[in-house]
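Student: First the structure, then my questions, so here it is.
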Amino acid sequence: MKICTIRELLDARIITGEEQMGAHVYSACGSDMMSDVLAYVKDQAVLLTGLVNAQVVRTAEMMDMHCIVFVRSKEPTPEMIRLAEESSMVLLATDKRMYEACGILYSNGLVGNKVKKEPGI
Amino acid sequence: MSDVLSFRFNVDGEDFTSAGQASVQVKKDLRRLGLDPEIIRRVSIAMYEGEINMVIHAGGGQAEVQVAEDAITIILEDKGPGIADIEQAMQAGFSTAPDAVRSLGFGAGMGLPNMKRYTDYMDIQSTVGVGTRVTMRVDIPQ
């Protein structure tokens with residue numbers, strides 16, 4: 001799924017990384033516990049979280065994730081935005097809650113570790 | 001085995017926000033060396049969890065990463081309170097981290113199990129009241 005599709009589906013705002021909207025992600029992880037995120041390696045994944053601190057960006061970076069979606073209207077700090085820019089990571093923010101945001105992405109084909117083919121890929 | 005490249009870091013225990021900086025730097029250094037991304041990911045996740053542990057429990061410490069031809073070794077050393085029961089600490093879900101740490105996304109009792117999961121070898125030497133030394137190794141397939 002393209003990051004721009006995630007943005008559209010979640011009606012999300014782009015905080016940083018607009019130039020990477022065309023990049024693909026193949027799996028997703030929704031959690032506020034960073035050690036749970038770190039427990040399962042996923043390729044080119046998107047992280048959905050309601051947690052806001054610098055460790056969220058570092059965790060995503062350790063996992064080679066390309067995109068973080070902040071749910072429940074959470075806004076990252078300037079420090080987090082700076083860290084994300086250093087790592088060429090996309091930050092999005094949505095008003096949707098975690099359950100709804102994950103459900104929307106799942107039902108549109110972004111199913112955890114597996115890949116559903118998206119038309120046009 | 002030929003040369004061993006070594007990186008050393010001071011892990012600042014004062015500020016949780018800056019925890020993980022050494023791991024980010026190691027990841028960059030290993031990328032520059034052109035190592036396999038999967039190996040880099042395993043090393044940096046294991047080190048990151050260890051670094052977070054040192055900040056949460058031990059007020060910081062020292063980290064060293066040795067890169068050899070056939071393996072990467074991470075040594076984390078602190079002068080913290082030590083681990084009384086290592087076997088218990090290794091159980092997924094067991095944690096002595098304060099609630100404040102949980103609200104920051106850590107302290108779920110997954111740190112040490114994750115470090116073991118991502119490495120080929122892990123050894124913990126700890127003395128209560130003296131400190132802890134964690135040695136981890138990720139093998140590089142030849």
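The values are calculated or read from the model by the stated rules, or taken from the named source; none is laboratory data. Predicted, not measured: the structure shown is a model, and the values here were computed from it. Because the Cβ atoms are built from the backbone with ideal geometry, glycine has one as well, and the counts that use them run over all protein chains shown.
Student: Checking A:ASP36 against (1) within 8 Å of chain B (Cβ to nearest Cβ); (2) surrounded by fewer than 22 Cβ atoms within 10 Å (Cβ to Cβ); (3) in contact with a Ser or Thr (Cβ under 9 Å, 6 or more places away or on another chain), which single condition isn't satisfied?
Tutor: Of the numbered conditions (1) within 8 Å of chain B (Cβ to nearest Cβ); (2) surrounded by fewer than 22 Cβ atoms within 10 Å (Cβ to Cβ); (3) in contact with a Ser or Thr (Cβ under 9 Å, 6 or more places away or on another chain), the odd one out for A:ASP36 is (3).
Student: Name the one entry in A:GLY30, A:GLY50 that is touching an Asp or Glu at 6+ places or on another chain (Cβ under 6 Å) and over 23 Å from B:LYS27 (Cβ atoms).
Tutor: Numbers: A:GLY30 fails: touching an Asp or Glu at 6+ places or on another chain (Cβ under 6 Å).
Answer to the check: A:GLY50.
Student: Separate question: Filter region B:78-123 down to residues that are crowded, with 21+ Cβ neighbours inside 10 Å and acidic (Asp, Glu), then give me how many there are.
Tutor: Summing the residues that are crowded, with 21+ Cβ neighbours inside 10 Å and acidic (Asp, Glu) in region B:78-123 gives 1.
Student: Residues B:GLU77, B:GLU64: which one is within 12 Å of the chain's Cα centre (by Cα), modelled with pLDDT of 95 or more, among the acidic types (Asp, Glu) and under 14 Å from B:ASP123 (Cα atoms)? It would help to see each step written out before you state the result.
Tutor: Details: B:GLU64 fails: under 14 Å from B:ASP123 (Cα atoms).
Being within 12 Å of the chain's Cα centre (by Cα), modelled with pLDDT of 95 or more, among the acidic types (Asp, Glu) and under 14 Å from B:ASP123 (Cα atoms) holds for just one of B:GLU77, B:GLU64, which is B:GLU77.
Student: Any chance region B:1-21 includes a residue that's in a helix (DSSP H, G or I), within 14 Å of another protein chain (Cβ to nearest Cβ) and within 14 Å of the chain's Cα centre (by Cα)? Step through it out loud before you land on a result.
Tutor: Kept after step one, since they are in a helix (DSSP H, G or I), are these residues of region B:1-21: B:16-18, B:21.
Going one step further and asking which of them are within 14 Å of another protein chain (Cβ to nearest Cβ), we end up with B:16-18, B:21.
Still in the running and within 14 Å of the chain's Cα centre (by Cα): B:21.
Yes; the residues of region B:1-21 include at least one that is in a helix (DSSP H, G or I), within 14 Å of another protein chain (Cβ to nearest Cβ) and within 14 Å of the chain's Cα centre (by Cα).
Student: With respect to the numbered conditions (1) within 21 Å of B:ALA19 (Cα to Cα); (2) modelled with pLDDT under 95; (3) of a type outside the set (A, V, I, L, M, F, W, C), which one is the sole condition not fulfilled by A:PRO76?
Tutor: (2)
Residues checked against (1) touching a Gly at 6+ places or on another chain (Cβ under 7 Å); (2) more than 14 Å from chain A (Cβ to nearest Cβ); (3) more than 15 Å from B:GLU49 (Cβ to Cβ):
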| position | (1), (2), (3) |
| --- | --- |
| B:GLN88 | no, yes, yes |
| B:GLY93 | yes, no, no |
| B:MET115 | yes, no, no |
| B:THR119 | no, no, no |
| B:THR135 | no, yes, no |
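Student: Let me ask another. Where the second residue is in a loop (DSSP other than H, G, I, E, B) and the first is under 23 Å from B:ASP70 (Cβ atoms) and lies in region B:1-29, which pairs have Cβ atoms under 7 Å and are six or more apart or on separate chains?
Tutor: If the second residue must be in a loop (DSSP other than H, G, I, E, B), the pairs left are B:MET1/B:ALA68; B:MET1/B:GLU69; B:MET1/B:ASP70; B:SER2/B:GLU69; B:VAL4/B:ALA68.
Student: Hey, could you check region B:22-35 for residues that are more than 10 Å from chain A (Cβ to nearest Cβ), surrounded by fewer than 18 Cβ atoms within 10 Å (Cβ to Cβ) and in a helix (DSSP H, G or I) and say which is nearest to the chain's Cα centre (by Cα)?
Tutor: The extreme case among them is B:GLN25.
Student: So which residues in region A:39-52 are more than 17 Å from B:LEU104 (Cα to Cα) and within 10 Å of chain B (Cβ to nearest Cβ), if there are any at all? Steps first, answer last, please.
Tutor: Residues of region A:39-52 more than 17 Å from B:LEU104 (Cα to Cα): A:40-46.
Those that are more than 17 Å from B:LEU104 (Cα to Cα) and within 10 Å of chain B (Cβ to nearest Cβ): A:TYR40, A:VAL41, A:ASP43.
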